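Report on the structure given below.
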Amino acid sequence: MNCTLTSKRIVLFFIGIITLTLAWPLIADQASLIPSSRLISPEDLVKILQSGNGEKPLAIQVGSHVLYSEAHIPGSQYLGPASTEGGLQLLRKRMDTLPRNKFIVLYCGCCPWSHCPNVKPADDALRAMGFTNVRVLYIADNFGVNWVDKGYPFAKGN
């Protein structure tokens, strides 16, 4: 009986690995599916944040808490990784009472853009809620390289 149970676990383990291997290309490159018209560059966001004119965006970090505590855009909020249902629920709850034309910038920066699992689900969730002024910060490599190392303002901690 134990031998059969162990064999079943091994088979399920390998099925899981095969499934993940086949699904990874779809998961890994999902950020690239966000239209360029909805992206904002770090340079452009810094200009907006430092300008005395116009509405400042609500910046939301949708990646890992470790990354957020190490360095984040000053004034941004952390709501959990958008690649998880819990993170998406926190995002939806936080945004629920805001006007649908609120200027929002989503960002992650955990890894190269083509591997980010967080920005696309967050963008999709806000679009589904009817938000019309959402931009996604295009971070080509990671937040350290494309924001901190460029000398842009950042904060540490929670």
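Quick note: the coordinates plus some simple rules give every number you see, no bench work behind them. Please read all numbers here as calculations on a predicted model, not as lab measurements. A quick note on method: Cβ atoms are made from the backbone with ideal geometry, for glycine too, and the neighbour counts reach across all protein chains shown.
Summary table below
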| item | result |
| --- | --- |
| Qualifying position, being surrounded by 15 or more Cβ atoms within 10 Å (Cβ to Cβ) and free of Cβ contacts under 8 Å to residues at least 24 places away in the same chain, among LEU79, LEU106, LEU39, LEU67 | LEU79 |
| Residue, nearest to CYS116 (Cα to Cα), within segment 42-62, restricted to residues that are assigned to a loop (DSSP other than H, G, I, E, B) and out of contact with any helix residue (DSSP H, G or I) (no Cβ under 6 Å at 6 or more places or on another chain) | PRO57 |
